[in-house]
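Read through the structure below, which is laid out as structure tokens, and then see the notes.
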Amino acid sequence: MKRLLAAVGVTAAAGVVPVVAAAPAQADQMDCAQYLKGAGYVVGSKAKGACRVGSQGGPVNWMGCDARLVTIGVSSAHSTRACNWSQR
């Protein structure tokens, strides 16, 4: 019986950990998109995709976020701030 309860506990914990670990990246991606929206931009799939890249962390992903936003017409100053928000 103890082994069964232990197995259930481990299985439940394994199901919860990925959700908890994924939550911050999603929040960062949303912060990036909210910043852009507040700055007056229409936040469509391309802007969301750029924020998603930035939320993956690291300088390469930050540069990818920035380049994608500038390509779709976001000013350099706003793209810099948005990508910073994506990595918080």
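The values are calculated or read from the model by the stated rules, or taken from the named source; none is laboratory data. Just so you know, these numbers come straight off a predicted model, no measurement behind them. Don't worry about glycine lacking a Cβ; one is built from the backbone with ideal geometry, like all the others, and counts go over all protein chains shown. Keep in mind that these areas ignore ligands, DNA and RNA; they rest on the heavy atoms of the full protein, side chains included. Shrake-Rupley method; radii C 1.70, N 1.55, O 1.52, S 1.80 Å.
Listed by first and then second residue, the pairs linking a residue in segment 27-40 that is open to solvent by 70 Å² or more (accessible area, probe 1.4 Å) to a residue that is of a type outside the set (D, E, K, R) and part of a helix (DSSP H, G or I), with Cβ atoms under 9 Å apart and 6 or more places separating them unless they lie on different chains, are 30/51; 34/85; 37/47.
Are there any pairs, at least 6 apart or on different chains, whose C-beta atoms fall under 7 Å, with the first in segment 59-88 and more than 13 Å from residue 43 (Cβ to Cβ) and aliphatic (A, V, I, L, M) and the second in a helix (DSSP H, G or I) and modelled with pLDDT of 95 or more, and if so, which? Qualifying pairs under 7 Å: 70/76; 70/79.
If you go through segment 41-58 and keep only what is open to solvent by 40 Å² or more (accessible area, probe 1.4 Å) and without any contact (Cβ under 8 Å) to a residue 12 or more places away in the chain, you end up with 42, 45. Residues of segment 63-80 that are open to solvent by 60 Å² or more (accessible area, probe 1.4 Å) and assigned to a helix (DSSP H, G or I): 63, 68, 70, 71, 76. For residue 15, the criteria (1) surrounded by 16 or more Cβ atoms within 10 Å (Cβ to Cβ); (2) assigned to a helix (DSSP H, G or I); (3) modelled with pLDDT under 95 hold in every case but one, which is (1).
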